[in-house]
Amino acid sequence: MKELLLLYWPTILAAIFTGATLSVVGALLVTRQAAVQTLAVSQSAGLGVSLGLLVSQIFFPDGHLEHTAIPLVFGLAVSAAGFASTEWIARHSHTQTVVYLAAFALFWGASQLLTGFFPVIESHATALYFGDIVTLTKGESLFFFALSGCLSVYLLLFWRGLSARAFLSAILDEPLRLRSPLDLGFYVTSLALVCLSVQMLGLLFTLSCLFVPTAVYSFSASVGVGPHLGRVALSAGVVSGSGFILSLADSRFLTTPLITVLLAIFPLVHLGLERLLFRCK
Amino acid sequence: MLRAEGLTYGPPGLPPLHRGLTVLLNPGELLHVVGANGTGKSMLARTLLGISAATEGRVTIDFPGTRYLPQMQNRAAHLPYTLGDVLRFEAPNAASWCGLGLLRSEQFSLAWNKASGGERQRTLLTRFFLQQGDLLILDEPFNHLDVESRDIVRRLLSETLRMNPHSGALLISHDDEPRNWMGPVPVRTLSLGGA
């Protein structure tokens with residue numbers, strides 16, 4: 001086990017920081033009523049990566065498909081286009097959720113269609129949905145650690161302003177101001193992290209970290225934006241790291257499904273203990 | 001000065017609510033916008049501020065800084081904001097929050113999602129009056145308020161315009177007559193019909 005920990009320490013760091021950062025981004029996105037849009041954009045990132053894998057296969061037939069920069073570039077480009085198109089259509093529609101769900105289905109269908117025509121990318125496309133943190137190289141792990149570390153510093157510095165903007169958007173119907181540096185910074189960095197996480201860590205890990213902790217902690221009796229964001233970050237970080245280590249200890253534990261389940265159990269136990277202590281007082 | 005000329009606006013994809021509308025607000029005065037439900041009062045405010053796009057016309061705003069109180073939708077938020085959180089975004093110094101008389105200090109720790117409509121509106125109004133900006137746009141500020149709170153808002157608005165003659169206010173309200181409480185501040189009325 002010690003050898004495994006020494007081998008995987010960069011990946012454990014990447015899992016902790018990416019999980020924690022995604023959970024805070026998710027809480028802010030849900031408040032901005034962008035959860036379903038994120039689902040659609042994540043799926044569009046998947047479509048982009050599949051396209052990129054196909055292009056990689058055409059131009060570099062002997063290389064490792066998933067390790068070239070082409071899927072990454074395609075993933076970023078298609079998810080940016082997915083974000084822009086869903087944003088534009090939703091602004092001209094009175095039923096935004098339906099538009100986002102339709103876009104999600106469309107991107108999913110297009111990905112499957114592509115896989116059907118080009119079976120060579122099938123195994124990579126499957127890995128895209130369920131991901132496996134174990135397969136990250138040391139370089140990729142350190143890259144994720146650096147990227148999520150930078151975004152977490154941005155979130156630490158500007159969480160008050162970002163949650164204020166989220167409040168205005170949710171309660172007062174103020175539209176997003178992409179010309180505002182704060183909103184622009186949040187959307188660009190979040191989009192990049194979500195897209196890269198979908199490509200390298202999988203759709204299930206990404207969506208679980210984004211939405212499970214904030215959903216469970218929304219049942220908490222305690223109030224305050226800071227405590228909520230702190231709790232989701234802490235639980236997602238602890239669970240992503242410990243879930244990964246547990247899956248190393250026992251190979252029957254599939255890494256991402258285990259992390260997904262623990263992302264719900266950890267906050268539930270925390271909230272249960274909190275209520276118990278409150279009643280005992 | 002706020003000036004809009006030849007303003008044509010309405011919901012996207014539907015016929016315009018108004019064509020060629022002229023709106024003028026000079027410093028030191030209050031423009032009272034009245035009209036029945038659905039006549040486009042809130043949309044006028046959003047169009048003047050550039051939040052909604054006008055089909056035709058030009059809007060010029062010379063006031064330094066704008067404060068905008070949109071009509072409250074009385075929604076819950078996903079994040080567990082306290083009333084204090086909402087105010088802290090605007091004014092970090094909690095001592096200034098009580099001075100306006102709309103909220104008591106024990107209400108600052110109250111959850112937004114559990115607060116009444118009146119408490120929510122008083123929080124948004126406190127936030128509004130703590131902001132900087134000479135152009136004040138208020139969309140139905142008296143909704144959800146009791147008589148005492150309405151009087152405080154009227155006093156705060158009147159004082160703001162009297163103490164700063166460079167400021168001007170656009171008030172959307174269909175159940176109040178500002179001439180009765182604005183004192184020496186000139187009040188003009190813009191009717192969008194149906195009232």
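What are the residues in region B:159-175 that are within 19 Å of B:Leu135 (Cα to Cα) and open to solvent by 20 Å² or more (accessible area, probe 1.4 Å), if any?
B:Glu159, B:Thr160, B:Arg162, B:Met163, B:Asn164, B:Pro165, B:His166 - these are the residues of region B:159-175 that are within 19 Å of B:Leu135 (Cα to Cα) and open to solvent by 20 Å² or more (accessible area, probe 1.4 Å).
Inspect region B:176-195 for any residue being at pLDDT 90 or above, buried (at least 20 other Cβ atoms within 10 Å of the Cβ) and of a type outside the set (A, V, I, L, M) and give the result as yes or no.
So far as region B:176-195 goes, no, none of its residues is at pLDDT 90 or above, buried (at least 20 other Cβ atoms within 10 Å of the Cβ) and of a type outside the set (A, V, I, L, M).
Please give the number of the condition B:Glu106 fails out of (1) out of contact with any helix residue (DSSP H, G or I) (no Cβ under 9 Å at 6 or more places or on another chain); (2) open to solvent by less than 50 Å² (accessible area, probe 1.4 Å); (3) of a type outside the set (Gly, Ala, Ser).
Result: B:Glu106 passes all but (2).
Name the single residue that is modelled with the highest pLDDT among those in region A:119-164 being of a type in the set (Asp, Glu) and open to solvent by 50 Å² or more (accessible area, probe 1.4 Å).
Taking region A:119-164 as the starting set, the residues that turn out to be of a type in the set (Asp, Glu) are A:122, A:132, A:140.
Those still in the list that are open to solvent by 50 Å² or more (accessible area, probe 1.4 Å) too: A:122, A:132.
Working: A:Glu122: 75, A:Asp132: 69.
Among residues in region A:119-164 that are of a type in the set (Asp, Glu) and open to solvent by 50 Å² or more (accessible area, probe 1.4 Å), the one modelled with the highest pLDDT is A:Glu122.
Where residues in region B:1-35 are open to solvent by less than 30 Å² (accessible area, probe 1.4 Å) and not in a strand (DSSP E or B), which of them is farthest from B:Gly193 (Cα to Cα)?
The residue in question is B:Gly28.
Filter region A:1-39 down to the residues that are in contact (Cβ under 8 Å) with a residue 24 or more places away in the chain, surrounded by 24 or more Cβ atoms within 10 Å (Cβ to Cβ) and among the small types (Gly, Ala, Ser) and list them by number.
Correct list: A:Ala14, A:Ala15, A:Gly19, A:Ala20, A:Ser23, A:Gly26, A:Ala27.
Taking helices (runs of 4 or more DSSP H) that do not extend beyond region B:38-142, which have at least 2 residues that are within 30 Å of A:Phe219 (Cβ to Cβ), within 12 Å of chain A (Cβ to nearest Cβ) and not hydrophobic (A, V, I, L, M, F, W, C)?
By residue number, B:83-88, B:117-130.
May I ask you to list the residues in region A:238-275 that are of a type in the set (Ser, Thr, Tyr) and in contact with a helix residue (DSSP H, G or I) (Cβ under 6 Å, 6 or more places away or on another chain)?
Restricting attention to region A:238-275, the residues satisfying the condition of being of a type in the set (Ser, Thr, Tyr) are A:240, A:242, A:247, A:251, A:255-256, A:260.
Selection gives A:Ser240, A:Ser247, A:Thr255, A:Thr256, A:Thr260.
Out of all the residues in region A:90-117, which are of a type in the set (A, V, I, L, M, F, W, C) and over 30 Å from A:Gln57 (Cβ atoms)? Talk me through it step by step, then tell me what you get.
Step one: filter region A:90-117 for residues of a type in the set (A, V, I, L, M, F, W, C), giving A:90, A:98-99, A:101-108, A:110, A:113-114, A:117.
If the condition is that a residue be of a type in the set (A, V, I, L, M, F, W, C) and over 30 Å from A:Gln57 (Cβ atoms), then A:Ala90, A:Val98, A:Val99, A:Leu101 are the ones that fit.
Which of the residues belonging to region A:255-281 are free of Cβ contacts under 8 Å to residues at least 40 places away in the same chain and either of a type in the set (Val, Ile, Thr) or surrounded by fewer than 15 Cβ atoms within 10 Å (Cβ to Cβ) (or both)?
Scanning region A:255-281 gives A:Val261, A:Ile265, A:Val269, A:Gly272, A:Leu273, A:Leu276, A:Leu277, A:Arg279, A:Cys280, A:Lys281.
Can you tell me which residue within region B:49-63, out of those that are of a type in the set (A, V, I, L, M) and surrounded by 14 or more Cβ atoms within 10 Å (Cβ to Cβ), is nearest to B:Ile137 (Cα to Cα)?
Here the residue is B:Leu49.
Looking only at region A:213-254, count how many residues are open to solvent by 30 Å² or more (accessible area, probe 1.4 Å), among the β-branched types (Val, Ile, Thr) and away from chain B (no Cβ under 14 Å).
The total comes to 2.
Given the criterion free of Cβ contacts under 8 Å to residues at least 24 places away in the same chain, among the polar types (S, T, N, Q) and over 30 Å from A:Ala233 (Cα atoms), identify the matching residue among B:Thr22, B:Thr47.
After applying the criteria, what remains is B:Thr22.
Please enumerate the residues belonging to region B:64-84 that are open to solvent by 50 Å² or more (accessible area, probe 1.4 Å) and among the hydrophobic types (A, V, I, L, M, F, W, C).
B:Ala76
Of all residues in region B:6-22, which are under 11 Å from B:Leu44 (Cα atoms) and within 14 Å of chain A (Cβ to nearest Cβ)?
Answer for region B:6-22, where residues must be under 11 Å from B:Leu44 (Cα atoms) and within 14 Å of chain A (Cβ to nearest Cβ): B:Gly10, B:Pro11.
Given the structure, is B:Leu156 open to solvent by less than 30 Å² (accessible area, probe 1.4 Å), in contact (Cβ under 8 Å) with a residue 60 or more places away in the chain and closer than 19 Å to B:Pro27 by Cβ?
no
If we keep just the residues of region A:92-118 that are within 14 Å of chain B (Cβ to nearest Cβ) and surrounded by fewer than 17 Cβ atoms within 10 Å (Cβ to Cβ), which is farthest from A:Leu47 (Cα to Cα)?
A:His94
Pick from region B:109-128 the residues that are under 30 Å from B:Leu24 (Cα atoms) and in contact (Cβ under 8 Å) with a residue 40 or more places away in the chain: which of them is most open to solvent (accessible area, probe 1.4 Å)?
The extreme case among them is B:Arg127.
The values are calculated or read from the model by the stated rules, or taken from the named source; none is laboratory data. A quick note: this is a predicted structure, and the numbers were derived from the prediction, not measured. Quick reminder, even Gly has a Cβ in these numbers, built from the backbone with ideal geometry, and neighbours come from all protein chains shown. Only protein heavy atoms, including side chains, enter the accessible area calculation; ligands, DNA and RNA are left aside. Shrake-Rupley method; radii C 1.70, N 1.55, O 1.52, S 1.80 Å.
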